[in-house]
Amino acid sequence: MRGKIFFTLKENKTWKTVCFFLAWIYLAFLFLDFFLPSQGRLSSYLKFFSILLLSLSQYLLGKEGAGLWIGASFLTILTDYFLLFTSFYSLGVFFFLWVHLFRFLHRKEKRGEIFLFLSLLGIGIFFLLKKFFPSLEVLAFIYAGLLILNTLEAFKSRDKKLFVAYLLFCFCDLSVAVANFPGSQSLGNLFRKLIWAFYLPSQVLLGDQIIKEDKYNKKE
């Protein structure tokens with residue numbers, strides 16, 4: 001009964017060690033965000049380092065044939081750099097579109113046709129809506145569509161770990177939306193702190209998808 005309800009990380013000692021360090025980094029930047037907001041720069045460095053560590057771990061410990069997934073993890077470095085340390089938010093969201101697209105294609109067989117269709121659809125929607133809305137809002141709209149698509153695919157796959165990963169991703173982006181919504185500053189500040197509280201666990205679970213298990217743990 002337990003196996004039907006819960007899930008665990010892949011049986012890989014190196015990966016679990018990485019996740020142990022990530023847990024401490026996670027607690028450290030959450031402490032800074034909630035109790036020492038004046039140390040925001042240090043918090044951003046810790047967040048960025050966690051993504052660097054995650055991406056490198058996926059590259060070194062990932063399964064064969066996971067090139068698109070690993071590529072998405074390295075693109076995530078670019079997205080988080082732009083979103084954490086610059087004001088080029090449109091560029092960060094643009095790269096995040098490719099992150100979600102790569103992860104969607106990773107699970108598909110007819111990748112070429114799907115890539116062409118989604119790319120043309122995205123370009124069409126962008127230029128159509130750009131006449132009425134700012135570029136950042138249009139990119140965010142397309143981004144939300146890809147995130148919802150991946151979340152639905154994860155639900156259909158019955159992979160609980162993958163579905164929870166994308167659900168956390170959705171909570172992260174809902175926090176971004178609330179944090180930037182005009183209104184109460186205190187509410188916005190709270191949800192701004194929750195963004196990475198959801199985001200890093202989501203990235204860890206996504207990374208876990210392609211990690212190779214240690215040979216001695218594999219069943220005959």
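The values are calculated or read from the model by the stated rules, or taken from the named source; none is laboratory data. Treat the numbers as computed from the prediction; the structure is a model and nothing was measured. Note: ideal-geometry Cβ built from the backbone for every residue, glycine included; neighbour counts use all protein chains shown.
Below are the figures for this structure:
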read-out	value
Filter result (closer than 16 Å to Ile195 by Cβ and either among the hydroxyl-bearing types (Ser, Thr, Tyr) or within 17 Å of the chain's Cα centre (by Cα) (or both)) within region 26-44	Tyr26, Ser43, Ser44
Residues of region 49-73 that turn out to be closer than 12 Å to Gln203 by Cα and surrounded by fewer than 19 Cβ atoms within 10 Å (Cβ to Cβ), as a count	2
Test: residue in region 79-91 that is modelled with pLDDT under 90 and assigned to a loop (DSSP other than H, G, I, E, B)	no
Among residues of region 162-180, those that are charged (D, E, K, R) and either surrounded by fewer than 16 Cβ atoms within 10 Å (Cβ to Cβ) or not in a helix (DSSP H, G or I) (or both), counted	0
Out of Phe141, Phe126, Phe133, sole residue that is out of contact with any Leu (no Cβ under 6 Å at 6 or more places or on another chain), surrounded by fewer than 16 Cβ atoms within 10 Å (Cβ to Cβ), in a helix (DSSP H, G or I) and on the phi < 0 side of the Ramachandran plot	Phe141
Condition check for Leu101: part of a helix (DSSP H, G or I) and free of Cβ contacts under 8 Å to residues at least 24 places away in the same chain	no
Every residue from region 145-158 that is in contact (Cβ under 8 Å) with a residue 24 or more places away in the chain and buried (at least 16 other Cβ atoms within 10 Å of the Cβ)	Leu146, Leu147, Asn150, Glu153
Qualifying position, being under 21 Å from the mean Cα position of the chain (by Cα) and more than 23 Å from Phe34 (Cβ to Cβ), among Val178, Val138	Val138
Filter result for the condition that a residue is under 26 Å from Ala23 (Cβ atoms) and not β-branched (Val, Ile, Thr), over Ser119, Ser55, Ser135, Ser90	Ser55
Scope region 165-209; condition closer than 22 Å to Leu53 by Cβ and of a type in the set (Phe, Trp, Tyr); matching residues	Tyr166, Phe169, Trp196, Phe198, Tyr199
Hits in region 6-24 - residues which are assigned to a helix (DSSP H, G or I), touching a residue at least 60 places away in the same chain (Cβ under 8 Å) and surrounded by 13 or more Cβ atoms within 10 Å (Cβ to Cβ)	Trp15, Cys19, Leu22
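Results for (1) in contact with a Phe, Trp or Tyr (Cβ under 8 Å, 6 or more places away or on another chain); (2) more than 23 Å from Ile148 (Cα to Cα); (3) in contact (Cβ under 8 Å) with a residue 24 or more places away in the chain, shown as yes or no for each residue.
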| site | (1), (2), (3) |
| --- | --- |
| Ala165 | no, no, yes |
| Ala177 | no, no, no |
| Leu190 | no, yes, no |
| Leu200 | yes, no, yes |
| Val204 | no, no, yes |
| Gln209 | yes, no, yes |
